[in-house]
Each structure stands twice: as structure tokens, then as C-alpha cells.
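S.K.: The structure follows.
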Amino acid sequence: MKIFVTGGAGFIGSNFIRYVLETRKDFSIVNYDKLTYAGNLANLELVARNPNYQFVRGDICDAAAVEAAMCDCDAVIHFAAESHVDRSIYEPAPVIQTNVTGTFVLLEVARKILVSRFVHVSTDEVYGDIPEGAFADENFPLQPSSPYSASKAASDLLVRSYVRTYGFPAVITRSSNNYGSYQFPEKFVPLMITNALSDKALPVYGDGKQQRDWLHVEDNCRGILAVLERGKIGEVYNIGGPDLVENLSMVQRILQLVGKTESLLSHVQDRPGHDRRYALDCRKIQTELDWRPVITLEEGLRRTIDWYVSAGLWVASVRGGEYLSYCEKYYENRERSLHAIARSSSIASD
Ligand code: NAD
Ligand code: TYD
């Protein structure tokens, strides 16, 4: 099986490529990635010389380049995305371009060259806020809250329409928040770990009582591979972690494991439109594909912290140029940036 992986130089994609090349000796992979600020070939150093691995730099919105690279592949796993909610709030245009238009381009090319399977990697954020006590199954209404989650919901619906209209062989995964090695340190878990390691403040949005369902990336990779190999065409599979945890409690656990005090904890202005709770019902993938998470939060956090401790050079290299100017522009004065957004939205509604 020759798989066309989009966004394989990012966090989940690179973990997935390493996992597949390790466990499926008869698979080969074409990793197609634009190498945005979030894409990093250093994530794939361990497989760069593997004869079953090939890297092609390109944009998923470029139909001709996608077709040239995908032409002899049997299946597609689509990870490529602008994946950060905060960035989607400050600068939504690239998010819509990659996540919606890019997915459309991939669907068109994959339909033309008759791939036998297309796995669209989506997120639990498409369901929006889940009320206390409820758990979203795959039929839960899509009520996205941010430009990021709306773009993912839009792409899910495009995929669904291709299944229905063209008999296109697609399957969708919707996973909860991932954490683990090689995650770009603008996301919650690696940000808190790397800040704690260097005695910087840990910025908790609002009261920190928002709940997330944390999934170790290796559990997600096993789930995605199960969906590729055994998932039923046209279906959606939720992939969730073992526990729901409040953000504040995650930060406290990280501080404790790193050996730092809570004096580093800093409550900052909340994210606009911030979803309070994500909670998934994962019985479908458990019963149909016999998948369940096996890495406990305690073990996963310990392993992740160990990895970031040993990856100082990697962290320093990804935290350079683009990331620093992003932080300067939007995080150095959060109140001003968020006020500017609120003002522009009130101007738009006038
Ligand atoms: P990431 O930001 O770490 O990586 C995204 C990758 O896509 C990068 O390598 C980037 O260079 C590439 N990319 C971006 N735009 C591109 C374009 N136009 N053309 C080609 N490549 C492009 O993201 P991630 O955290 O690994 O997430 C992967 C997928 O999983 C995304 O679709 C995301 O929506 C989904 N997801 C992520 C999480 C999570 O917790 N990280 C949870 C659920 C779902
Ligand atoms: P994030 O990693 O951005 O994932 P998502 O928004 O997709 O769930 O954030 C996870 C949670 O952590 C979310 O509730 C927002 C919160 N958060 C903070 O409190 N501080 C931060 O600096 C970041 C990046 C996130």
C-alpha cells in the first residue's frame, strides 16, 4: 500500500509516519507538506533514509502539484491544516484557505485518480461546547465555535458530500486534544512544559476550568491506522482519551512533574468564544474496530516531559523567527490584541 500523507511534517503526521514505517513493512509513504511554521523535517530525521519514505514539498491548494505527487498512491491520509485555534482567531484567512480549499483540492485529485481510501483527520472541536454530563457521539450536531473548528466542520461536510454524491471512499476521524513528542510549543501542553522548564509564566486562559479530553498522540496514530485498514467507508469515528481534565489541573500536574511551584501559574485574559468542555463518546471505534487508548495521562505526561527535557535544541529551533513575531504581535499585549478583535467585530455588526 502506497499512502499519500498530507501534513506529515507536523506533530501528529510525523508521529503517524514513524509509527506506520515501524509497524507496516509493506507500506510506503509519500509525505506531502508545505513546511509552514508548524512543519519541520527534523521531526522525521529517524525515517529520512528509509527506502519506503519520500518527502515532497508542496501546498495542498496547488492541484497540479498534488496530482503529480499523488498519482500512483493507493490511499490518502489528510492531516495538513492550520491547526491552532488562537491563530485562527487572529488571522483566519490562511485557515480557511488550507483547511477548506485545500481539502477540496485533495478530494478532487483523489477522486480523479481513483484512490481506494481517503482518511480525513478531523477534530472533536467540530461539535463545539458539550454541556456538562453529555458526551458527543458521531451524530452529535456540528456547532463549531472558532474559525478553526468551523473550517474543520466545513471540510468534514465536503468529505461527506463526496461520499454521498460520488461514492467517494472516505472515512473521517474526529479526535480529542492530542499531546506527546514533537508538538509545536504554541499548543497548551508543550507550552506549559517548556515554560515551566525555563521558569517562565504559564498563561492559563480565564478561570482555567475548561475541560479537555487528552489523548496521547501514539494512541491517536493507532486509531487512525485502524480506521485506514478496517474503518467502514462513509463513517465517522471519534477517537478520545482516557480522562477529562480541567486545564488548571493539567497545569498543576505538569508543574508537579517538572518540579516547579504554582507561583509560575498566571491567569490571563480568556480566548474569545472559548469552548468550555469537550467530551467524546467513543463507543463506536471501541466496538467496531476494537480500539481504545492504552496510555494513561500520568504515563503520557511523564514521557512527554522527558522528551521535551531532552529536546532543548529542537525547541530552540522551532521557537525562532516566525513564532517570536507571532507572540510579539498577539501575546505581548493580549488585552490590546483581543480588544482590537472585539472592536473589529462590533464594527462589522454595525
Ligand atoms: P500541525 O500544525 O502540527 O501540523 C500541520 C502540518 O500541515 C504542518 O507540517 C504544516 O507544514 C502542514 N501544512 C499546513 N498547511 C499546509 C498546506 N497548505 N499544504 C501542505 N501542508 C500544509 O498539526 P497537528 O496538530 O499535527 O494536526 C494534524 C491534523 O489533526 C489537523 O488536521 C488537525 O486539525 C487535526 N487534529 C489535531 C489535534 C491536536 O490536538 N493537535 C486534535 C484533533 C485533530
Ligand atoms: P489548545 O492547545 O490551543 O487546543 P484547543 O483550543 O484546540 O483545545 O488549548 C487547549 C486548552 O488550553 C484550551 O482550553 C485553551 C487553553 N489554553 C490556555 O489556557 N493557555 C494557553 O496558552 C493555550 C495555548 C491554551
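The values are calculated or read from the model by the stated rules, or taken from the named source; none is laboratory data. From a predicted model like this one, the values you see are computed outputs, not experimental measurements. Quick reminder, even Gly has a Cβ in these numbers, built from the backbone with ideal geometry, and neighbours come from all protein chains shown. Heads up: the accessible areas ignore ligands, DNA and RNA and are worked out on the full protein's heavy atoms, side chains in. Shrake-Rupley method; radii C 1.70, N 1.55, O 1.52, S 1.80 Å.
S.K.: Round to a whole number: what % of the accessible area of the chain belongs to carbon and sulfur, probe 1.4 Å? Walk me through the numbers on the way to the answer.
M.R.: Numbers: 7770 of 15110 Å².
After summing per-atom areas, the C and S share lands at 51 percent.
S.K.: Only bridges whose two residues both fall in the stretch 111-253 count here: according to DSSP, what percent of them are antiparallel, nearest 5?
M.R.: Numbers: 4 of 16 bridges.
Percentage antiparallel, nearest 5: 25.
S.K.: Given the pairs K34/K329; K152/K284; K152/K260; K2/K112, which are separated by over 28 angstrom at their Cα positions? The partial results should precede the final answer.
M.R.: On the way: K34/K329 23 Å; K152/K284 21 Å; K152/K260 37 Å; K2/K112 17 Å.
Violating the 28 Å Cα-Cα cut-off are K152/K260.
S.K.: Still on this structure: Just to confirm the filter: which trypsin sites (Lys or Arg not before Pro) across the stretch 14-96 are DSSP coil and have at most 14 other Cβ within 10 angstrom of their Cβ? Show your work: numbers first, answer last.
M.R.: Working: sites: R18, R24, K25, K34, R49, R57, R87; in loops: R24, K25, K34, R49.
Taking the stretch 14-96 and a limit of 14 other Cβ atoms within 10 Å, the loop trypsin sites (Lys or Arg not before Pro) found are K25, R49.
S.K.: Determine the calculated [θ] at 222 nm for the chain from helices alone, applying -39500 (n - 2.57) to every DSSP H run no shorter than 4 residues and normalising by the residue count; nearest 500 deg cm²/dmol.
M.R.: Details: 14 runs with 151 residues, N = 350.
Result for the chain: -13000 deg cm²/dmol, rounded to the nearest 500.
S.K.: Just to confirm my numbers, what's the Cα centroid distance between the stretch 225-301 and the stretch 315-345 in Å?
M.R.: First find each Cα centre; the distance between them is then 26 Å.
S.K.: Quick one: in the stretch 1-93, what % of C-alpha pairs are over 22 Å apart?
M.R.: Roughly 25 percent, once rounded to a whole number.
S.K.: Compute the acute angle (0 to 90°) between the alpha-carbon long axis of helix 247-258 and the principal axis of greatest extent of the alpha-carbon atoms of the chain; round to the nearest 10°.
M.R.: On a 0 to 90 degree scale, this one is about 80.
S.K.: For helix 217-230, what angle does its Cα long axis make with the longest principal axis of the chain, in degrees from 0 to 90 and rounded to 10?
M.R.: The angle comes out at about 20 degrees.
S.K.: Hey, what's the Kirkwood Rh for the stretch 289-348 if you take every pair of different alpha carbons, in angstrom?
M.R.: Roughly 15.4 Å, rounded to one decimal.
S.K.: Still on this structure: Based on the alpha-carbon set only, what is the convex hull volume of the stretch 145-272 divided per residue, in Å³? Provide the component values of the computation, followed by the final result.
M.R.: On the way: hull volume 14.9 nm³, N = 128.
Spread over its residues, the Cα hull of the stretch 145-272 gives 117 Å³ apiece.
S.K.: Taking a ≥ b ≥ c as the square roots of the eigenvalues of the Cα gyration tensor of the chain, is the shape rounded (a/c under 1.5), prolate (a/b larger than b/c) or oblate? List each step's numbers first, then the result.
M.R.: Details: a/c = 1.43, a/b = 1.32, b/c = 1.08.
Rounded.
S.K.: Could you give the angle, 0 to 90 degrees to the nearest 10, between helix 103-112's Cα long axis and the longest principal axis of the Cα atoms of the chain?
M.R.: 10
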